[in-house]
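Asks: Can you read through this structure? Questions will come right after.
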Amino acid sequence: MEYLFHLFIIFCIFSMLALTLNLVVGFTGLPSLAHAGFFGIGAYTTAIMTTRFEGNFFVSIVVGLVITFAVAFFLGLVLGRFRDDYFLLVTLAFVFIMQRIFLNWGEVTRGPLGIPGIPPPVIFGVSLSQPWLYALLLAGALVLVYGACHFLVSSSFGRVLKAIREDEDALKVFGYRTDQYKLAVFSLSALGAAFAGAFYASYISFIDPSTFTVHDSVFIWAIIVLGGLARLRGSLVGALILVVLPEALRFVGFSPDAAAQMRVLIYGALLVGMLLYRPQGLVGEYRL
Amino acid sequence: MEIIAQIIANSLIAGSIYALVALSFNLMYATGKFFNLAIGGLIPIGGYTVLAVTVYLGLPVGVGILAGVVGTGIAGLLLDRLIYAPLRKRQASSLTLLIASLGAFTFLQAALALLFTSSYQTLPTLIDKNYSVFGAQVTAVQLILIISAVACTLGMHILLRKTSFGTAVRAMSDDLEVSKIIGIDTEKIFCAVFFIAGAILGYVGVLVGFDVGLDPLMGFFYMVAGIVGAIVGGMGEVLLGYPGSIIEGVLHNTIIYVYSAAWGSPITFVLIIIFLLFRPRGLFRK
């Protein structure tokens, strides 16, 4: 039973990452790999604040969101000058730079050693160390993120995003400041990643730089491509499949390290396979 | 004086690695018109093949190096046949090809980690010799790297200018559709291009393996650095990737010397992104 709660919590975290990445990639058509970097900022902020300063978990979320917003806003300004492949390359460089910051800024992040002993959140004096309590909190967080994403894409703002994806230049002719829309959606989506990162850190209780690499961005990409771009429900389906499916490897008898690599192998292959044979995803409407 | 010579030597060594990657990248970009990020997965294949052939099978080093170069070439060719060619046929966007190549990168790296474990490994010493040039210490492998980058770039230039294969590549680089219409067997050229590009990456993996050792993640940095070198020189300009990469190497090693080794590569990338904001088409093109 505890194992099921564990799977559910991981599913919730990656669903939040996938939903918010889908806003940028699926709805707006901006090919960003930056998500792992924002995920890392959220996770590290919570880890540092709750271990070193014994800060409150929820306060650390807010601080993480503020930092992430500032970083994403600045990166978004730079990205406004790039399109398509170059856009992706700059986000790739961003993930690389963030990774180096997590790795090299030893005084703050403890470098390759990582940060152990991140405490679970405490609400009204109750520590959420019980898996089912934590699962409940995560379910609430996922509903919140899903609701926010749903609200965004079904508003007029969301319609402009889709129009940017289809024909940005035409939209500019109609007087829309598309760069501001892109900057807004990019920054908002980064907030979602940082939010997920805070929960990830406090749940796993140990983080190190190896969790926030470009492969984690590729993993989130695999989820949204599998589920279908520009479909919120698709991201949930994709996250469910990609979180649960590799768990089967545990029962086949791979060692933990080999199982981790098999997982990476599977989603890499799955991403390629989807693009080759079903680019619209399982329930998607838009294809790359 | 000695320190300056050493910085120049280190810049040349690093720049030469980037230049070889940039050469391979530009060749694929010129014909296929997409960013092939599988580069990061192809580079370590060369090094690991040497490890498998010489250490595990006990065959001579020469055989291992040849197997590393040819094997990675075949891997590059297979990627094109299995993934990129079907996508091209469906007229998928360059972004789709890019994302697919990213999936391939992830796949290859995980496959190498499964086969050879993800821990750091070294290759046996190739040539145990050090040279002193104006006070700068350079190993034999590093010297081979520096010479190879120049030789491969010039060789590629001659190949593209003097042979019918080169003419076909340049035609495809200008316009793929027209190339097909005038009767160039573009798929055959793609096979050759991806084999050659893969072989160059394998060669990089072999030399870097001998120089600093192997781990499955090693390709990522060299990939980003090589693509950046190609962009600084001008995308798809096969010859200009070399100066672009050397400039990047000088920048990188200067930062390492004046500031710190750990922050050398991130600061280099930040500076180059800023540079790209002002000159998106590279240093040498208007």
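We did not get these values from a lab; they are worked out from the coordinates using the rules stated. These numbers come from a predicted model, not from an experiment. We place every Cβ from the backbone using ideal geometry, glycine too, and count neighbours over all the protein chains shown.
Asks: Excluding residue A:28 itself, calculate the net charge of residues whose Cβ lies under 9 Å from the Cβ of residue A:28, where each Lys or Arg counts +1 and each Asp or Glu counts -1. Mind showing how you got there, number by number?
Replies: Values: positive: A:162, A:165, A:182; negative: none.
Local charge sum for residue A:28: +3.
Asks: How many nm separate the modelled label positions at residue A:84 and residue A:277, each set 7 Å beyond the Cα in the direction of the Cβ?
Replies: 2.8
Asks: Highest mean first, what order results for A:118-125, B:146-153 on Cβ atoms within 10 Å?
Replies: On the way: A:118-125: 14.2, B:146-153: 17.6.
In descending order of packing, they fall as B:146-153, A:118-125.
Asks: Taking amide H atoms as placed 1.01 Å from N in the peptide plane, list the residues 5 or more away in sequence, or in a different chain, whose amide H sits under 5 Å from that of residue A:123.
Replies: A:128
Asks: Can you tell me the FRET efficiency between residue A:53 and residue A:139 if r is taken as the Cβ-Cβ distance and R0 is 45 Å, rounded to the nearest 0.05?
Replies: Numbers: r = 28 Å, r/R0 = 0.63.
That gives a FRET efficiency of 0.95.
Asks: In debye, nearest 20, what is the charge dipole magnitude of the range A:2-210 about its Cα centre with +1 on Lys and Arg Cβ and -1 on Asp and Glu Cβ, if you could check?
Replies: 260
Asks: So, one more: Which shape class applies to chain A: rounded if a/c is under 1.5, otherwise prolate when a/b exceeds b/c and oblate if not, where a ≥ b ≥ c are the square roots of the Cα gyration tensor eigenvalues? Display every interim value, and only then the final one.
Replies: Details: a/c = 1.57, a/b = 1.30, b/c = 1.21.
Prolate.
Asks: Among B:117, A:217, A:82, whose Cα projects farthest towards the positive end of the dipole of the protein assembly as shown, with charges put on the beta-carbon of Lys, Arg (+1) and Asp, Glu (-1)?
Replies: The listed residue farthest towards the positive side: A:82.
Asks: Roughly speaking, what is the stretch gain from residue B:56 to residue B:5, that is 0.36 nm per residue apart minus the C-alpha to C-alpha distance, in nm to one decimal? Intermediate results must be reported in sequence, preceding the final value.
Replies: Details: separation 51, 0.36 × 51 = 18.36 nm, distance 3.89 nm.
Stretched fully, the residue B:56-residue B:5 segment lengthens by 14.5 nm.
Asks: Another question about this same structure. Just to check I understand the Karplus step: with θ = phi - 60° and J = 6.51 cos²θ - 1.76 cosθ + 1.60, what whole-Hz values come out for the range A:109-122, glycine and proline as x?
Replies: 9, 6, x, x, 5, x, 10, x, x, 6, x, x, x, 10
Asks: Can you compute the modelled spin-label distance between residue A:255 and residue B:181, with each label point 7 Å from Cα toward Cβ, in nm?
Replies: In this crude spin-label approximation the distance works out to 5.9 nm.
Asks: Rank these for me by crowding, B:187, A:2, going from fewest to most other beta carbons within 10 Å. Spell out each step's value before the answer.
Replies: Working: B:187 13, A:2 10.
The fewest-first ordering by Cβ neighbours comes to A:2, B:187.
Asks: Further question on the same structure: Full extension from residue A:159 to residue A:66: what is 0.36 nm times the residue separation minus their Cα-Cα distance, to one decimal in nm?
Replies: Values: separation 93, 0.36 × 93 = 33.48 nm, distance 2.67 nm.
So the extension gain works out to 30.8 nm.
Asks: How high is the FRET efficiency between residue A:6 and residue B:137 when r is their beta carbon distance and R₀ equals 41 Å, given to the nearest 0.05? Each step should come with its number before you reach the end.
Replies: Numbers: r = 53 Å, r/R0 = 1.28.
After rounding, the FRET efficiency stands at 0.20.
Asks: Same structure, new question: Can you tally the net charge around residue B:155? Count Lys and Arg as +1, Asp and Glu as -1, for every other residue whose Cβ sits under 12 Å from the Cβ of residue B:155. Spell out each step's value before the answer.
Replies: Details: positive: B:161, B:162; negative: none.
Local net charge: +2.
Asks: Would you mind computing the Rg to Rh ratio of the range B:152-270 from its alpha-carbon coordinates, Kirkwood style for Rh? Show your work: numbers first, answer last.
Replies: Values: Rg = 17.2 Å, Rh = 16.3 Å.
On the Cα set of the range B:152-270, Rg over Rh gives 1.06.
Asks: OK, next. For the range B:153-224, give the magnitude of the charge dipole about the Cα centre (Cβ charges: +1 Lys/Arg, -1 Asp/Glu; no others), in debye to the nearest 20. Display every interim value, and only then the final one.
Replies: Numbers: 5 positive and 7 negative charges, 57 e Å.
Roughly 280 debye, rounded to the nearest 20.
Asks: Another question, then. Can you pull the semi-axes for the protein assembly as shown, root of five times each eigenvalue of the Cα gyration tensor, sorted largest first, whole Å? Mind dumping the intermediate values first?
Replies: Working: eigenvalues 297, 159, 112 Å².
Rounded to whole Å, the semi-axes are 39, 28, 24.
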